[in-house]
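Peer 1: Mind looking over this structure? Questions follow.
Bear in mind these aren't lab numbers, they're just calculated from the coordinates by the rules spelled out. None of the values given here were measured: they were computed from a predicted structure. Cβ coordinates were reconstructed from backbone atoms using ideal geometry, including for glycine residues, and neighbour counts include every protein chain displayed.
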Amino acid sequence: MNAPWNSASRAPVSAYICDTAALDTVRSAVAEMGWSPELCHKGGLRDAVQALAVSASPNILLVDLSECGDPLNDINSLAEVCEPGTVVIAIGQINDVRLYRGLLASGMHDYMLKPLALKTMYEALQEAQEIFTAPKAGEGNTGRRHISTAIIGTRGGVGASTLATSLAWEFSEQHKLTTALLDLDIHFGVGALTLDLEPGRGLTDAIENPSRIDGLFIERAMIRANAKLAILSAEAPMNAPLLTDGAAFVQLTEEFRQAFELTVIDLPRNMLINFPHLLNDVNVAVIATEITLAAARDTIRILSWMKTHAPHVEPVIVANKSQPAVAEISRSDFEASIETKIDFVVPLDAKAASNAAKLGRVLTHATPSSKASVVIRELGDRIAALGDDSVDGAGSVSKTQKKSLLESLDLKSLIPGAKSSSKPKEKAAAR
């Protein structure tokens, strides 16, 4: 259910509605869409389950939950018979935000309250239909290849998750690319929270049972943020340690490559140590950092690690939450330490970030005109362009031989009144 990427040649819609008034409204909306009203039936969830058990699932399924005593529990019976690729819209009469969120977490596309309005019903069907009419991965764009992007924070609090969610949203909304967001902070991830969604148990189930991971599992486990963005995250109990060899993560990313055009992985830095193979299929690594001594040290270490273990990955350095007036060290000293240029500088915009959190939206969606959003959008444009095989990856970070940590940082040059241990570098004029 709730799949924004796959479809099949089958009935465009099927509806099972309990009462006559709602059924008449649904039939009118279906007729306006150009489909046969005969595809709408009198009945509820039980009738839908019985019908789907012996026939192919439609592209869009409308099911009435009014007669269900426990909708969240009863809906599991539908998941057992509903084929992959079906967009399910639930209809009911209980106005409860917890029920709404629970239904979305279980794989529903939407939940509509009775009494139904014809215009609202028609718009819901139009939105669902757009999922199947939009270009799919690999269709109408033969030059595009799948791009996998890892977002890695050098320090806690540098805003790597903010970048990950904002980029994923930009890819899906601005570039119209089917996008998967994988939040690998198993216990404290904020991918779903940032978008005001319940994370569900999809990721924890995948870790516990890697053998279950396939296209159908992906469809049911992921949560939709919009028509082209699906999220897989978790809020695992703190008393449950992460017991995995990483096989589940590899299988998940392989499935994403088949189902989506672009994957964004919110990758905590400690995961590089435990599961270095996570970067095997990654194309771009956005290294989110701050301009401090500690961040310079950790950026050097991560770049060095990538040069050894993932030389195929293009690193992109992003100084996030930048405040030049109160910076611990200067940008030039930071760049000299890490021996490469910062690719993007995202200014701190506390007001925009606060507003986004209040609205339950990503930064670029809540405040698209803020300076921070503009830079993040430019970063997204650069990454999205790599999906075209004709793009040669211009602007890649040059990799120079790494000095020792103390020599790279040149700490004396950062202490007022102290003489630098290194000679000033001569600037070569470009010819």
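Peer 1: Of the options Val81, Ser66, Tyr122, report the single residue whose Cα projects farthest towards the positive end of the charge dipole of the range 58-216 (beta-carbon charges: Lys, Arg +1; Asp, Glu -1).
Peer 2: Tyr122
Peer 1: Over all alpha-carbon pairs of the range 84-129, lay out the pair-distance distribution in 10 Å bins, whole %, shortest bin first.
Peer 2: 26, 55, 19
Peer 1: Under a 5 Å amide H to amide H cut-off, with H placed in plane at 1.01 Å, what residues pair with Ala225 once short-range neighbours are removed?
Peer 2: Amide H to amide H, under 5 Å and 5 or more residues apart or across chains, Ala225 pairs with Ala230, Ile231.
Peer 1: If R0 is 30 Å, what FRET efficiency do you get for Glu38 and Glu130 from their C-beta distance, rounded to 0.05?
Peer 2: Working: r = 24 Å, r/R0 = 0.79.
FRET efficiency, Glu38 to Glu130: 0.80.
Peer 1: For the ranges 88-101, 280-293, what's the packing order if you count other beta-carbon atoms within 10 Å of each residue, average per peptide, and put the highest first?
Peer 2: On the way: 88-101: 17.1, 280-293: 21.6.
Top to bottom by mean Cβ count within 10 Å: 280-293, 88-101.
Peer 1: Would you list the P(r) distribution for the range 13-133, with all Cα-Cα distances sorted into 5 Å bins from 0 and each bin expressed as a whole %?
Peer 2: Using 5 Å bins, I get a P(r) of 2, 12, 25, 27, 22, 11, 2, 0 for the range 13-133.
Peer 1: Quick check: pseudo-label points 7 Å beyond the Cα along Cα→Cβ at Ala31 and Leu118, how many nm apart are they?
Peer 2: Result: 0.9 nm between the two label points.
Peer 1: Here's a follow-up. How many nm is it between the label spots at Thr20 and Ala294, if each spot is 7 Å from the Cα in line with the beta carbon?
Peer 2: 7.0
Peer 1: Residue by residue through the range 302-316, which ³J(HN,Hα) values in whole Hz follow from phi under the Karplus form 6.51 cos²θ - 1.76 cosθ + 1.60 (θ = phi - 60°), with glycine and proline marked x?
Peer 2: 5, 4, 5, 4, 5, 4, 8, 9, 9, x, 7, 8, 8, x, 10
Peer 1: Hey, rough spin-label estimate for Glu335 and Asp70, points 7 angstrom out along Cα→Cβ, what's it come to in nanometres?
Peer 2: Between Glu335 and Asp70, the label points sit 6.1 nm apart.
Peer 1: Taking 25 °C and 0.890 mPa s as the conditions, I'd like the Stokes-Einstein D for the range 274-330 in µm²/s, using the Kirkwood hydrodynamic radius from alpha carbon pairs.
Peer 2: Working: Rh = 12.4 Å.
So the translational diffusion coefficient is about 198 µm²/s.
Peer 1: A further question on this structure: How big is the shadow of the Cα convex hull of the range 147-413, averaged over all directions, in nm²? Mind dumping the intermediate values first?
Peer 2: Working: hull surface 56.6 nm².
About 14.1 nm², averaged over all directions.
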